[in-house]
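No lab work stands behind these numbers, since they all come straight from the coordinates. Everything quoted here is computed from the prediction, not taken from an experiment. All Cβ positions, glycine included, derive from the backbone under ideal geometry; neighbour counts span all protein chains shown.
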Amino acid sequence: MNELIYKILLAALVIAMNFIRLYYQKRYKTSHAVTEAEIAPKREKRMTILMFFALAVPGMMWLFTGWLSFGQFGLHDGVRIAGFVVGVYSMWWFYRIHRTLGDNWSPVLEIRREHTLITDGPYRYVRHPMYSDMMLWLVSFTLITANWFYALTISTGLAIMLIVRIPDEERLMMERFGEPYRAYMKRTKRLIPGVF
C-alpha cells in the first residue's frame with residue numbers, strides 16, 4: 001500500500017487527538033475553578049515540552065520529511081491498518097476520559113476547589129486511564145508508521161512522564177480525598193486492568 005495512505009491515517013488520528021484536547025483546554029481556561037494545590041508548575045511545563053519533542057516533533061518529521069526513513073521496518077499492510085484501528089479506539093477512549101472528568105480535567109497536576117473523586121466510566125477499570133490510553137497511542141503510532149525511531153521517542157517520553165507524574169498525582173489525590181481514594185486504590189490497578 002502507498003505510504004501516503006499511512007501518513008493520512010496518522011494525520012487523522014493526530015488531528016482528532018488535538019481537537020479533543022483543545023476543546024477541553026479551552027473549557028479548562030474558561031471554567032471558574034480555583035486551584036487549591038498544584039505540584040511543581042515548572043516541572044509540569046518541562047513535561048509538556050518533553051512530550052512535544054517525544055511525540056509531536058518526530059511525528060511531524062515522519063509525516064512531512066524523509067528524515068526518519070532510517071527507522072523504517074517492514075510490517076504487513078494488515079498490521080499497519082490494525083494499528084489505525086487501535087488508534088481510532090484510543091481516540092474514542094481519549095474523548096470518553098475527558099468527558100468523564102469534565103471540569104476535573106487539568107493539563108497540570110493540581111487540585112481545584114470543586115474537584116471531585118471520579119471512580120466511574122473509564123476510572124472504574126484503572127486509576128490513570130489517560131496514561132493507559134497514551135500507551136495505546138504508542139502501539140497505534142508504531143504500527144502505522146512502522147518506524148522504530150518514532151516508537152523509541154514516544155516510549156521514552158511516555159516512560160519518563162509516567163514515572164514522574166503518577167506518584168505525585170496519587171499523593172495529591174490521597175491528600176485531597178483521603179480514605180475514599182485509598183479504598184479506590186485497593187480495588188483498581190494503575191494502568192492495566194487486573195495486571196498493573
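As I understand it, the value is the acute angle between the Cα axis of helix 129-145 and the longest principal axis of the Cα atoms of the chain; what does it come to in degrees, rounded to 10?
Around 0 degrees separate the two axes.
Mean residue ellipticity at 222 nm from the helices of the chain, using -39,500 (n - 2.57) per DSSP H segment of n ≥ 4 over the full residue count, to the nearest 500 deg cm²/dmol?
Theoretical 222 nm ellipticity from helices: -22000 deg cm²/dmol.
Per 10 Å bin, what percent of the C-alpha pairs of the chain does each bin hold, from zero upward?
8, 33, 35, 18, 6, 0
Between the DSSP loop rule and a limit of at most 11 other Cβ atoms within 10 Å, which trypsin sites (Lys or Arg not before Pro) in the stretch 92-196 are left?
Listed in order of number, the matching sites are R113.
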